[in-house]
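As structure tokens, the structure follows; a few thoughts come after it.
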Amino acid sequence: MIVPAAGAGTRMGGLPKQFRLLGGAPVLVRTLEAFAAHPAIDALVVPVPAAEQRAAEAMLSAYGLAAHVVVGGATRQASVGEGLKAVPEGTGIVLVHDAARPFVVADRIAAVVAAVRAHGAAALAVPVADTLRRGRGETFGETVSREGLYAMQTPQGARLDWLRAAHAAAEADGITGTDEVELLQRAGYPVQVVEGDPRNLKLTRPTDWALAEALWERRAQREG
Ligand code: CTP
Ligand code: MG
């Protein structure tokens, strides 16, 4: 399991979002708890900003989370690449999940793991609900059919050998992708669609925060 957490969160502003509190604990902790508690997950690798490595190690151990904290890179892809170097020997399958998606649930993790076991690679996605249109300066350009389009989520997973080969090929070709599926497909590996969950938000903009707090509270009440 690799949880890239080395982003600066420029669209969110302020403290990098993965270290902001959600229901009283850092988002990164909330995200890792979902995986640490999952029977299919054996090891957690967490790329963080270089300046935060010590602090992140201390924070995760304070929350009782055993994770291998590594220094990430300038892009999400580079951070995942650093994570791939630290995956324990003998690992068969790797999932990658954005630190900024704390609402992932056990059932979706299990579904991705099962699809990777069966097909080699898989990712969560939800069909696009909004009408899509290109921008053309200050007015709109052409409409893009949403038919058959997915908004991608994480976790995304693959056999370790596939993911390593896909990342190495992208690096060699100077390609930067925004998720694992893009790199896997480029390298010729098919990726299975697994139904995502609209609640599995990626905290991105400042206005996401109030929604996240409300969702978290509701979830805590249900589980409580
Ligand atoms: N990420 C990372 N290393 C980077 C950039 C991003 O590990 N150099 C991680 C983020 O921490 C996040 C995930 O990749 O958990 C998805 O990235 P995104 O949502 O784009 O987060 P940020 O890059 O932090 O945000 P922004 O793009 O607004 O700056
Ligand atoms: Mg980013």
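Some observations on this one:
- Simple label model, 7 Å out from Cα along Cβ direction - ARG186 to ALA106, nm: 3.7 nm
- Paramagnetic label reach from ALA25 (point 7 Å along Cα→Cβ; backbone nitrogen cut-off under 14 Å): within the range 37-57, residues 37-38.
- Relative contact order of the range 56-188, pairs being alpha-carbon contacts under 8 Å that are 6 or more residues apart, as %: 25 percent
- In the range 121-222, taking the dipole from charged Cβ atoms about the Cα centre, the farthest positive-side position among GLN156, THR207, GLY188 is held by THR207.
- Residue-wise HN-Hα coupling along the range 197-203, computed from phi with Karplus coefficients 6.51, -1.76, 1.60 (Hz; x: Gly, Pro): 9, x, 7, 7, 5, 9, 5
- Three-way shape label, the chain, alpha-carbon gyration tensor, a/c 1.5: rounded
- Shape category assigned to the range 128-201 from the gyration tensor of Cα positions, a/c cut at 1.5: oblate
- Over the range 22-136, volume per residue of the alpha carbon convex hull, in Å³: 169 Å³
- Mean Kyte hydropathy of 0.5 or more with a Cα span along the axis of at least 15 Å, helices from DSSP in the chain: 106-119
- Charged-residue dipole, Cβ positions (Lys, Arg, Asp, Glu), the chain about Cα centre, Debye nearest 20: 360 debye
- Beta bridges per DSSP with both ends in the range 1-103, % antiparallel, nearest 5: 25 percent
- Paramagnetic reach from HIS119 in the range 172-192 [backbone N under 20 Å; point 7 Å along Cα→Cβ]: 178-192
- Residue ranges 34-42, 215-223 sort as 34-42, 215-223 when ordered by packing (mean number of other C-beta atoms within 10 Å per residue, highest first).
- Along the axis of the charge dipole computed for the range 1-86 (Cβ charges of +1 for Lys and Arg, -1 for Asp and Glu, origin at the Cα centre), the listed residues MET1, MET12, GLY73 are led at the positive end by MET12.
- For the range 1-52, the square roots of the Cα gyration tensor eigenvalues, ordered a ≥ b ≥ c, give a/c of at least 1.5 with a/b no greater than b/c, which places it in the oblate category.
- For the range 124-170, convex hull volume per residue from C-alpha positions, Å³: 127 Å³
- Rounded to 5, the percent of DSSP beta bridges in the range 111-222 classed as antiparallel: 70 percent
- Take each peptide in 204-212, 140-148, count the other Cβ atoms within 10 Å of every residue, and average; sorted highest first, the result is 204-212, 140-148.
- Extension gain for the segment ASP161 to VAL193, taken as residue separation times 0.36 nm less the Cα-Cα distance, is 9.5 nm to one decimal.
- Unit charges on C-beta of K, R, D, E only; dipole of the range 92-168, Debye: 140 debye
Laboratory data are not the source of any read-out in this text; all were calculated from the coordinates shown. Quick caveat, the model's predicted, so the values are computed rather than measured. Quick reminder, even Gly has a Cβ in these numbers, built from the backbone with ideal geometry, and neighbours come from all protein chains shown.
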